[in-house]
Amino acid sequence: MNRVEFLAELEQRLSGIPEEERQAAIQYYADYLTDAGEENEDEAIRELGSPEKVAESIKADYYGTEFDESRFDHKDYMEKYGHRSSQRADSENSAGGAAGSTDYGSGSGQKSAPWTSNGLKIVLIILIAIVIWPVTLGVAGGVLGVAAAVFFFFAGLVIAAIAVMISGVVVAVTGLVLLAIPPAGMIVTGIGILLFVLGLMATVGTVKLCIIVYPAMIRGFVNLCRRPFYGKAV
């Protein structure tokens, strides 16, 4: 079993816990295997145990239940994953603390958390943003400018539609005043009514369009801001 297979199966077996906790655990073991190096990857995986054992340990730690390690000490399991004898494992657990005493309750209790933690990543992102702030500021200004242009464009459509509707009312009233001259009055009144109907339809349509576009813009902006911090861990 290689690193990719180990992490994929571990993620599958952790499907019962919240997404944030699952991704944090996957990231921890991905960093652990990365720190071990490719030449030590097989040994590191053997020491961790099967993904099933690691997942059960993490779940026990998360739900506050007891982790029964003896379930994984039977002969078939030991032969499959090349574990050291249970006596040696027990001695290591005694020296390093109770079994599952790491952040996620695994056999890697002797190893501290990898330096590539989520907190450090956030700090690095902030430092990089400070260093390249002129470019960041320019890009942010461009994005905000486009967003403002789109916002005011659709708002302008609504205002224009309302203006057409109001002008239709004015023209229709003028036509009623001109009914003293029947042909002219009727024509002007008809034009006013037509403008009012067209303006009303345009107003309803543009308002519905804004109801669709504006929330989508807000969701897109929020997702764009969250992407650097909540990307996929593995």
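Do the conditions hold for Glu21, that is, is it closer than 25 Å to Lys121 by Cα, modelled with pLDDT under 85, surrounded by fewer than 19 Cβ atoms within 10 Å (Cβ to Cβ) and among the acidic types (Asp, Glu)?
No.
Hey, could you check the stretch 26-36 for residues that are within 19 Å of Ser50 (Cβ to Cβ) and more than 17 Å from the chain's Cα centre (by Cα) and say which is surrounded by the most Cβ atoms within 10 Å (Cβ to Cβ)?
Tyr29
Pull out all pairs, ordered by first then second residue, where Cβ-Cβ is under 7 Å, the residues are six or more apart or on different chains, the first lies in the stretch 21-48 and is farther than 17 Å from Met1 by Cα and assigned by TED's automatic domain parsing to the domain that holds Tyr63, and the second is at pLDDT 85 or above and surrounded by fewer than 20 Cβ atoms within 10 Å (Cβ to Cβ).
Arg22/Glu11
Looking only at residues in the stretch 9-18 that are in a helix (DSSP H, G or I) and touching a residue at least 40 places away in the same chain (Cβ under 8 Å), which one is surrounded by the fewest Cβ atoms within 10 Å (Cβ to Cβ)?
Glu9
Which condition number in (1) over 30 Å from the mean Cα position of the chain (by Cα); (2) at pLDDT below 50; (3) in a loop (DSSP other than H, G, I, E, B) is the one that Gly100 fails?
Against the list (1) over 30 Å from the mean Cα position of the chain (by Cα); (2) at pLDDT below 50; (3) in a loop (DSSP other than H, G, I, E, B), Gly100 comes up short only on (1).
The values are calculated or read from the model by the stated rules, or taken from the named source; none is laboratory data. Please read all numbers here as calculations on a predicted model, not as lab measurements. Counting neighbours? That spans all protein chains shown, and the Cβs are built from the backbone with ideal geometry, glycine included.
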